[in-house]
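Below you'll find the structure, written out as structure tokens, and then a few comments.
The values are calculated or read from the model by the stated rules, or taken from the named source; none is laboratory data. In this text, all values refer to a predicted model and were calculated from it rather than measured experimentally. Cβ coordinates were reconstructed from backbone atoms using ideal geometry, including for glycine residues, and neighbour counts include every protein chain displayed. For accessibility, only protein heavy atoms count, side chains too; no ligands or nucleic acids. Shrake-Rupley method; radii C 1.70, N 1.55, O 1.52, S 1.80 Å.
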Amino acid sequence: MIFIQISVWIALFKESSAGSAATLGQMIIYVLISSFIFNITRSEAGTKIGEKIDKGTIITDFTKPIHFRNYMFAEDAGNNMFQVLFIFFPSFLFFSFFYRLQISITPLNFMLFIVSLVFAVLISFFIKFIIGLFAFWLETSWYFPFIVGAIFELFSGSTIPIWYYPDWLVQICSYLPLRFIFFEPISIFLGKYTLTQTLLLLLTQLFWVCILFCIERFVWNKVQKRVIVHGG
């Protein structure tokens, strides 16, 4: 998948003026960092919640000493770290050498990128977890991954940077938190913003984390009053 995306960008840069917003090297780095973020923000919360409801095992999760949200987050984090260490990093090293990438980033920018990445992980998880909780009302969640995947693909800039979006779509993305998961952290990594702009972005990310946390708490309180379990 990484090779296909990079090949497409190489072809576009040869045939058009796609480099007006970024160089080819930056776009290859964009693809690689996007793949890294994809692996570290993966979450099967929606699917797992639906399965637990269908099987009736959700009741046992309500009685555990650890909060259900934290349990799901820890499970996702463990799976994602495995993906990053044993699948992404070997691919990253291979493509870095294959395309002879020269990654230039200041220590400050790297630290700001890490902070932004932490916020991106939290924003992504909260969104997917909140959507997953609606399985308590819908009583199924098999289609959640398709819906979430399509929404993230379009509004997060995970595949195509928002630089290349039409103005009307950029406007929509500016009102949603999804761009703070992929596009903005990668832009920080590439040094697209000044320090002031980066700090403002981090504050905006923190704002969205707080908003999504409050929404999650509200929905969770509603869920506890409406536990309909099938099977068991």
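Mind computing the radius of gyration and Dmax over the alpha-carbon atoms of the chain? Å is fine for both.
Gyration radius and largest Cα-Cα distance of the chain: 19.2, 59 Å.
Tell me, what is the percent relative contact order of the stretch 94-180, built from C-alpha pairs under 8 Å that lie six or more residues apart?
That works out to 27 percent.
Note down the relative contact order for the chain as a percent, whole number, built from C-alpha pairs under 8 angstrom at least six residues apart.
Here the relative contact order equals 32 percent.
Could you report the stretch 149-207's accessible area per residue, 1.4 Å probe, as an integer in Å²?
On a per-residue basis, the stretch 149-207 sits at 48 Å².
Under 15 Å from the Cα of Lys52, which aspartates and glutamates turn up, not counting those fewer than eight places away in the same chain?
The reachable aspartates and glutamates, counting only those whose Cα sits under 15 Å from Lys52, are Glu44, Asp61, Glu75, Glu139.
Quick one: Cα centre-to-centre distance for the stretch 107-163 and the stretch 69-102, in angstrom?
Cα centroid to Cα centroid, the span is 16 Å.
Write down the accessible area per residue of the stretch 1-72 in Å², having rolled a 1.4 Å probe over the full set of protein chains. Could you put the intermediate results ahead of the total?
Values: 3500 Å² over 72 residues.
Ligands and nucleic acids excluded, the figure is 49 Å² per residue.
Using a Cα-Cα cut-off of under 20 Å, which lysines could be cross-linked to Lys55, ignoring same-chain neighbours fewer than 8 residues away?
Counting by Cα, and skipping residues close in sequence, Lys55 has these lysines nearby: Lys64, Lys225.
Along the Cα-to-C-beta direction of Ala77, a point sits 7 Å from the Cα; which residues of the stretch 29-43 have their amide N less than 18 Å from that point?
37-43
Mind checking the full-extension length gain between Ser96 and Lys225? Use 0.36 nm per residue of separation minus the Cα-Cα distance, one decimal, nm.
Length gained, Ser96 through Lys225: 41.3 nm.
Just to confirm the number: angle between the C-alpha axis of helix 68-83 and the first principal axis of the chain, 0 to 90 degrees, nearest 10?
Once rounded, the angle reads 40 degrees.
Using just the Cα positions, wrap the stretch 1-126 in a convex hull and report its mean projected area in square nanometres, one decimal place.
10.3
Please give the length that would be gained between Gln197 and Ile147 if that part of the chain were fully extended, namely 0.36 nm times their separation in residues minus their C-alpha to C-alpha distance (nm, one decimal). Don't skip to the end; give the middle numbers.
Numbers: separation 50, 0.36 × 50 = 18.00 nm, distance 3.17 nm.
Result: 14.8 nm gained on full extension.
Return the carbon/sulfur percentage of the accessible area of the chain, one whole number, probe 1.4 Å, all protein chains in place.
Solvent-exposed carbon and sulfur of the chain make up 70 percent of the total.
When N counts the residues of the stretch 62-169, how does its alpha-carbon radius of gyration compare numerically with 2.2 N^0.38 Å, as a ratio?
The value comes to 1.36.
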